[in-house]
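The block underneath contains the structure these notes are about, expressed in structure tokens.
The values are calculated or read from the model by the stated rules, or taken from the named source; none is laboratory data. These numbers were taken from a predicted model, which means no experiment stands behind them. Virtual Cβ from ideal backbone geometry, glycine too; neighbours counted across all protein chains shown. We work out accessible area using only protein heavy atoms, side chains counted, and drop any ligands, DNA or RNA first. Shrake-Rupley method; radii C 1.70, N 1.55, O 1.52, S 1.80 Å.
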Amino acid sequence: MALELMAPAGSFESVVAAVRAGADAIYFGAGDFNARRGAKNLSADELPEALRYCRLRDVKTYVTVNTLLTDRELPGAAELIRTLNAAGASAVIVQDLGVLRLVKALAPDLPVHASTQMTVHNLAGALACKQLGFSRVVLSRELPLDQIRFITQRCGVETEVFCHGALCMCYSGQCYLSAVIGGRSGNRGLCAQPCRLAYGFDGGKPQEYLSLKDLSLATHLQELEEAGVACVKIEGRMKRPEYTALVTSIYKKAIQTGAAPSPEELQQLQQVFSRSGFTDGYFTGRTGPQMFGTRSEADARAARPLYAQARKIYEGDREAPCIPVDLSFTALRGQPMTLAARDKDGFSYETEAPAAEEARTRATTQAEVAQNLSKTGGTVFFARRVDVALDEGLRIPAASVNAMRRQCLDGITSQRRLAPKRREGEWQPGPRRLEPTAPPGRIYQVQRVEQLSAALLVTRPEYIYLPLDQCAAHLDRCAALEQAGIRVGAVLPRILFDSQWPEALEQLEACKKAGITAAVCTNLGQAHLLEQVGMELRGDFGLNVMNSQCLKELKALGLQSATASFEMTFPQIRDLSKALELEAIVYGRLPLMIFENCAIRRGAGHCACRQGPHFLSDKTGRQFPLMAELHCRNTLYNSEPLSLSDKGKDYAHIGLRWARLLFTIEDAEECAAVARRYDQGTALPGKITRGLYYRGVQ
């Protein structure tokens, strides 16, 4: 089966541009619940017409409802889902598990695709999505071909891969940089793209350390098809219709011919939009400094001459016919003339006209009738097969044949534009669950065992969270904590490719034998894979919990607790119905981004992960710690620590079971000092932030 080509549509004009350029599917946003809220998107009036326009032309319509929503926003999302279901959208693209729950309840026949914002990057993640009811998974952009192939051939659901357009430095769905430093959340569709700015590495000259070139897999389409990928997707809902038309037309030709674009076409792709060219580094496994680039004025100038050329692809009244139709005409002496039409999808229509008259001079031939029936210009149809049966000696007016043809094609047009009949369900938020009324217990998360001093532990936390590899390397210490009544949670890495899972599972098994009974899951795949291992599964911040319905879905996956998103406010956390015991991060440098492309190596020019500390500094002088992770990944942390040591009353009675203190670059003495401040309820000295718990995000 040929690759499906999906094109972006940020406006109705872009819808037309994508369809006329040959897209098999389009994706677009409607309303405020999509990850490109800054795009024009489709209005309430344009939405149903866009769906009808695409259905007529056999183009699928995927609508993005892929932002994180609060409980108060869910009723509005429910109305949008009802509208999309009734209007006949082909599928919705979803990030929030709470929104998934709405779709399953309100529109059980409406397919749901897992957004790339869900950070699905391994087989376990794809299998979790299948278990949850997704019919397609949009894989993370960071995956190499072998990982894409491995997932696709084993997951049992369709996979979709971005083939062209912008690349974020951070894994989609795991970036909080824009939210934390500017209040504009990428998870809610309003990313301000601070990653495109210049930063200094370890105090050096500012450079674009976080700005990647655009992605282009135009020369790898056959490999993706052979890997079993169902759909390739062009990024660009914020871009012009001309961009959509040109890029779509070039990719469509490459898919149809099985040949890579020509050098001229590759140049056009670069000219219409790029950031100093393109990269395929993640796909080929060749990451490094060659993947970085920025949008320059020269890049913008190169695009302008192409716009007029691109507009020719989609402007004008006439379009290339795309729907084959079979026509069967019959004219028998003394009987009404009939015409039956049937298109490739089984839509059919029949009409008749008065019986043909006897010819006075020359009789009409079968060829003449067939020629008139084949004149489908001005419609989306072309005659694939024409059958004509008529008695000899009859005169058949061309006007009658033309009128019958128009009636049949109009009839099929009306049928094709109709929305499919689907079931409609009901959704209720459900009764509010009872929640803790006592102040929350304490969790300490550290990066290194060395941070666990006696002075810290004397403050009696209920849990210690420790990275899995640290737990495995210090089993005796962890066992001693468990015996002392302090439970240990082994924190799994947020990103693990399938080839990296065996080592993690071996470490986890060793931890379990040593008496560690809790695993902290940082993505859906871990919850799915570990459901049967017999450990307590605790959900980390990377699961992006922002509403009560999401908590219910996580509970169904086997989690026993979850962490509230630090993009929420305290009142929003208070309003959650706690289907799971809930924790929140109340201290620490918040993790802002996680990188597959090592920023430390890029900054230092060589592998310097063990030579820290490292940091990136912005133009104001703020220093953002950059810490090495397993497998040469990095996490970027906020420049100031979140501190609520003097604000305990504000979160003491909002239904939290635990409050987590997240220690990163602090030494053991500093960790203990912070814990004492929280015990005393006094403010921390130095520069701090209150995070987003009071101001929230857009």
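Averaging Cα coordinates gives a centre for segment 36-115 and one for segment 505-532; these two points are 35 Å apart.
Hey, how many Å between the Cα centroid of segment 327-372 and the Cα centroid of segment 560-624? The two parts, judged by their Cα centres, are 71 Å apart. If the limit is 23 Å between Cα atoms, which of Lys233/Lys552; Lys252/Lys312; Lys130/Lys213 go over it? Beyond 23 Å between Cα atoms: Lys233/Lys552; Lys130/Lys213.
Of interest is the spacing of the C-alpha centroids, which for segment 191-241 and segment 129-177 amounts to 14 Å. In the chain, the longest principal axis of the Cα atoms and the axis of helix 97-106 are about 40 degrees apart. With the cut-off at 1.5 for a/c, could you classify segment 1-127 from its C-alpha gyration tensor as rounded, prolate or oblate? It comes out oblate by the Cα gyration axes. The calculated 222 nm mean residue ellipticity attributable to helices in the chain amounts to -9500 deg cm²/dmol, summing -39500 (n - 2.57) over DSSP H runs of n ≥ 4 and dividing by all residues.
The residues of the chain have, on average, 40 Å² of accessible surface per residue, using a 1.4 Å probe with all protein chains present. Split the accessible area of the chain by element, probe 1.4 Å, and carbon with sulfur accounts for 49%.
So, by mean Cβ neighbours within 10 angstrom, what's the order for 674-687, 159-172 with the highest one leading?
Ranked by mean Cβ neighbours within 10 Å, highest first: 159-172, 674-687.
Farthest towards the positive end of the charge dipole of the chain, among the residues Tyr678, Pro354, Gly441, is the Cα of Tyr678, using unit charges on the Cβ of Lys, Arg, Asp and Glu. With the highest mean first, a sort of the peptides 266-273, 462-469 on other beta-carbon atoms found within 10 angstrom per residue produces 462-469, 266-273.
Scoring 362-371, 689-698, 525-534, 140-149 by mean Cβ neighbours within 10 Å over their residues and listing the highest first yields 140-149, 525-534, 689-698, 362-371.
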